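Let me begin by presenting the structure, written as structure tokens, before commenting on it.
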Amino acid sequence: MEELLKKLAVELYDVQALKFGDFKTKIGLRTPIYFDLRVIISYPKLMSALAKALWTLADDVTKVSQICGVPYTALPLATLISVDNQIPMLMKRKETKSYGTKKLIEGVFSSGDNCVIIEDVITSGSSILETIDALKKEHLNVTEAYVIIDREQGGRKNLENHGIKVKSLYVVTQLMQYLLEAGKITSKVVKEVDDYLAMNQAPTISIQGTIPNDRLKLPYCKRAKLAKNPLASKLLELMESKQTNLCLAADLKKTDAILELANTAGPHIAVLKTHVDIIEDFNEGFILQLKDLAKRHKFLLMEDRKFGDIGNTVSLQYRYGLYKIAEWADLITVHPISGASVIDALKKGMKNITEPRGIFLIAEMSSKGTLTTGDYLKSAVSMAEEASNLVVGLVCQSNLSAQSGLLQLTPGVQLSKSDDGLDQQYNNPETVINAGADLAVVGRGITEASNCLKAALEYKRQLWNAYEKRINSPDM
Ligand code: 5BU
């Protein structure tokens with residue numbers, strides 16, 4: 001079998017189903033490996049050999065009564081296995097038909113039938129889980145998935161957590177060894193891919209129902225362990241220990257006023273958010289004092305810069321100029337408008353900065369008539385979820401991500417007003433926490449109060465209570 005796998009690995013490489021170099025993923029992030037097994041339909045001998053090899057992964061074929069390929073690449077493979085072995089096949093539709101029978105699964109089956117899944121490549125396991133979900137809704141019994149390549153990015157574990165055993169012809173590290181031995185790739189490429197895989201593990205997929213990992217239900221202290229970005233863990237930990245999920249927007253024009261506010265409210269907030277470009281007397285000494293207060297009162301500094309240009313400009317704006325944001329801001333806000341490469345650009349801007357840094361991607365804005373809707377919003381969420389080693393969370397108004405390691409930050413919070421006359425829209429603390437916020441931004445609700453400390457304490461109390469209610473209520 002090993003000889004056959006070595007031979008097939010080389011054939012896959014030769015037909016360019018396996019590529020090594022510098023590629024972009026669907027949403028534009030860089031990757032040194034790219035697998036495109038769709039090409040195998042053009043090489044019937046290879047496709048047939050892969051289908052036969054896949055079927056050797058089955059322990060007891062007499063127990064398999066149905067075969068289902070994950071659309072689309074695995075469909076022809078499942079068809080070959082079905083025909084070769086005379087075992088019926090099922091197909092999952094990509095979308096439910098909007099007419100006629102509205103079935104998601106095509107084929108003839110009985111509830112309780114044992115069905116195995118066929119897939120070409122597994123990364124996070126989410127496509128397989130989607131297929132299994134549809135099969136389970138029809139009361140089919142699914143416990144195994146046969147896969148050509150496991151990219152070793154956490155998919156196997158995700159499926160095991162859902163009771164699915166994964167058997168693969170190759171794991172990516174073994175596949176690369178075969179290609180190295182065959183002289184197809186160099187050890188430098190192997191190292192690059194190894195590093196990439198170590199840095200890009202897929203997030204854990206929560207189990208609906210038991211929800212051991214649901215963002216809205218888990219306490220911050222548990223989520224701190226699930227976050228990929230060290231700063232996200234630190235933030236969640238300090239929120240838990242200070243019992244605060246308040247982010248204070250210190251939108252004041254004078255440095256003294258900001259420092260005074262930071263000193264007064266500091267012990268009660270998790271993050272102090274600035275817009276340094278509105279400060280009239282900005283200077284380096286101010287930043288040193290602010291950093292000092294942040295350390296003393298244990299809060300993080302966020303510069304709400306809303307970077308939104310092409311990568312090169314953003315990396316310069318982040319690192320240089322008057323404000324040198326990269327040198328002091330733990331967190332920054334970024335518009336995903338220019339595409340995922342902005343994250344790589346910011347990474348470049350962080351070169352030689354030794355302290356951890358994090359990005360909040362702005363998925364959805366709080367102002368009336370905002371254009372952050374539909375596909376834009378969805379792409380922003382995928383971008384954050386795919387780059388969660390650098391992205392700490394999303395700025396948004398609704399529950400967008402189930403990932404417990406990401407934080408949702410929601411601005412537009414006031415107790416006494418519903419707008420500010422310039423289309424800012426306000427909600428109260430409980431509403432935003434129930435809508436999915438982990439951190440709520442309060443600006444003028446505190447800065448314009450007659451007693452800032454009293455106001456900060458009141459927002460802190462209401463936000464924390466809403467959070468405790470959320471994690472403890474069984475029905476949310
Ligand atoms: P306010 O005074 O509580 O309205 O201040 C809200 C802050 O949050 C302010 O600094 C805004 O720049 C920031 N903000 C927002 O209000 N809405 C958004 O969608 C985003 C940021 Br993104």
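Structure notes:
- Checked against the criterion of being at pLDDT 95 or above and touching a helix residue (DSSP H, G or I) at 6+ places or on another chain (Cβ under 7 Å), the candidates GLU11, GLU3 yield just one match: GLU11.
- Of GLN424, GLN414, GLN397, all but one fail to be closer than 19 Å to ILE332 by Cα, without any contact (Cβ under 8 Å) to a residue 60 or more places away in the chain, of a type outside the set (Lys, Arg) and within 12 Å of the ligand (Cβ to nearest atom); the exception is GLN397.
- Every residue from region 106-139 that is more than 30 Å from PHE35 (Cα to Cα) and in contact with a strand residue (DSSP E or B) (Cβ under 9 Å, 6 or more places away or on another chain): VAL108, PHE109, SER111, GLY112, ASP113, LYS137, GLU138
- Residue match in region 25-43 (condition: surrounded by fewer than 17 Cβ atoms within 10 Å (Cβ to Cβ), more than 33 Å from the chain's Cα centre (by Cα), outside any strand (DSSP E or B) and free of Cβ contacts under 8 Å to residues at least 60 places away in the same chain): yes
- Unmet criterion (only one of (1) part of a helix (DSSP H, G or I); (2) among the hydroxyl-bearing types (Ser, Thr, Tyr); (3) more than 25 Å from the chain's Cα centre (by Cα)) for SER416: (1)
- Of all the residues in region 387-413, those that are within 16 Å of the chain's Cα centre (by Cα), of a type outside the set (A, V, I, L, M) and either buried (at least 21 other Cβ atoms within 10 Å of the Cβ) or on the phi > 0 side of the Ramachandran plot (or both) number 8.
- Of the residues in region 425-436, at least one is buried (at least 21 other Cβ atoms within 10 Å of the Cβ), more than 21 Å from GLY266 (Cβ to Cβ) and either modelled with pLDDT of 95 or more or under 25 Å from the mean Cα position of the chain (by Cα) (or both).
- Single residue of region 371-394 satisfying the filter (touching a strand residue (DSSP E or B) at 6+ places or on another chain (Cβ under 9 Å) and within 13 Å of the ligand (Cβ to nearest atom)) that is nearest to LYS222 (Cα to Cα): GLY393
- Residues of region 345-378 that are acidic (Asp, Glu) and assigned to a helix (DSSP H, G or I): ASP375 alone.
The values are calculated or read from the model by the stated rules, or taken from the named source; none is laboratory data. Fair warning: this is a prediction, and the values are worked out from it, not measured in the lab. A quick note on method: Cβ atoms are made from the backbone with ideal geometry, for glycine too, and the neighbour counts reach across all protein chains shown.
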